[in-house]
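These notes are about the structure you will find just below.
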Amino acid sequence: MGAREGSSAAGADRPGHGSVRLAAELENVAVGRRWLHGRLEDDGVQHSTIADLLQSLSEALTNAILYGDGLHVRIEYAVTNDTAKVSVFNGVRDGAEPQRRGPVGPDAENGRGLDLVEAFSDRWGIATSENEAKVWFEVKLP
């Protein structure tokens with residue numbers, strides 16, 4: 001499977017947090033989704049909010065695997081009383097930053113990842129250091 005699980009708060013009384021490191025392989029997008037889904041359910045997050053976070057995770061994690069550098073990616077999440085925030089980390093060369101592509105045609109199969117992250121999140125952003133990029137997204141909790 002290639003996953004190493006971090007901590008998570010048990011039970012429906014928030015807050016919770018955790019992280020997992022995965023091999024940078026496309027089949028691990030499904031592994032990351034299952035991991036996050038389980039943690040968020042354990043933390044009492046509503047299913048509609050989980051669905052939005054999983055959609056954003058799919059896009060950010062796929063991009064990290066396809067365009068990042070290195071053998072692993074990492075997912076972190078934190079749930080507070082007000083928000084659920086997820087971050088996806090990947091290695092980069094020379095401080096390269098994840099990029100939004102320009103407008104894509106209606107029949108294009110690629111190029112909408114960060115647009116979808118924006119659409120399914122209340123807030124999102126990108127942060128980079130010399131050798132790591134982070135795409136994060138946050139959803140307000142009802």
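The values are calculated or read from the model by the stated rules, or taken from the named source; none is laboratory data. These figures come from a predicted structure and were not determined experimentally. No Cβ is skipped: glycine too gets one built from the backbone with ideal geometry, and neighbour counts run over all protein chains shown.
Within the range 126-142, work out how many residues are surrounded by fewer than 15 Cβ atoms within 10 Å (Cβ to Cβ), assigned to a loop (DSSP other than H, G, I, E, B) and in contact with a strand residue (DSSP E or B) (Cβ under 9 Å, 6 or more places away or on another chain).
The initial filter retains those residues of the range 126-142 that are surrounded by fewer than 15 Cβ atoms within 10 Å (Cβ to Cβ), namely 127-131, 140, 142.
Okay, now just the ones that are also assigned to a loop (DSSP other than H, G, I, E, B), so 129-131, 142.
In the following step, the residues that additionally are in contact with a strand residue (DSSP E or B) (Cβ under 9 Å, 6 or more places away or on another chain) were identified as 131.
Residues flagged as surrounded by fewer than 15 Cβ atoms within 10 Å (Cβ to Cβ), assigned to a loop (DSSP other than H, G, I, E, B) and in contact with a strand residue (DSSP E or B) (Cβ under 9 Å, 6 or more places away or on another chain) within the range 126-142 amount to 1.
Considering only the range 69-95, how many residues are of a type in the set (S, T, N, Q) and in a strand (DSSP E or B)? Break it down stepwise before answering.
Initial filter on the range 69-95 (of a type in the set (S, T, N, Q)): 80-81, 83, 87, 90.
With the extra rule that they be in a strand (DSSP E or B), the set shrinks to 83, 87, 90.
Adding up the residues that qualify gives 3.
The set of residues in the range 92-117 being at pLDDT 70 or above and surrounded by 17 or more Cβ atoms within 10 Å (Cβ to Cβ) consists of 92, 114, 117.
Do the conditions hold for residue 66, that is, is it surrounded by fewer than 16 Cβ atoms within 10 Å (Cβ to Cβ), in a helix (DSSP H, G or I) and either at pLDDT below 95 or within 11 Å of the chain's Cα centre (by Cα) (or both)? Yes.
Considered as a group, the residues in the range 16-45 that are touching a strand residue (DSSP E or B) at 6+ places or on another chain (Cβ under 8 Å) and in a helix (DSSP H, G or I) include one that is surrounded by the fewest Cβ atoms within 10 Å (Cβ to Cβ), and that residue is 42.
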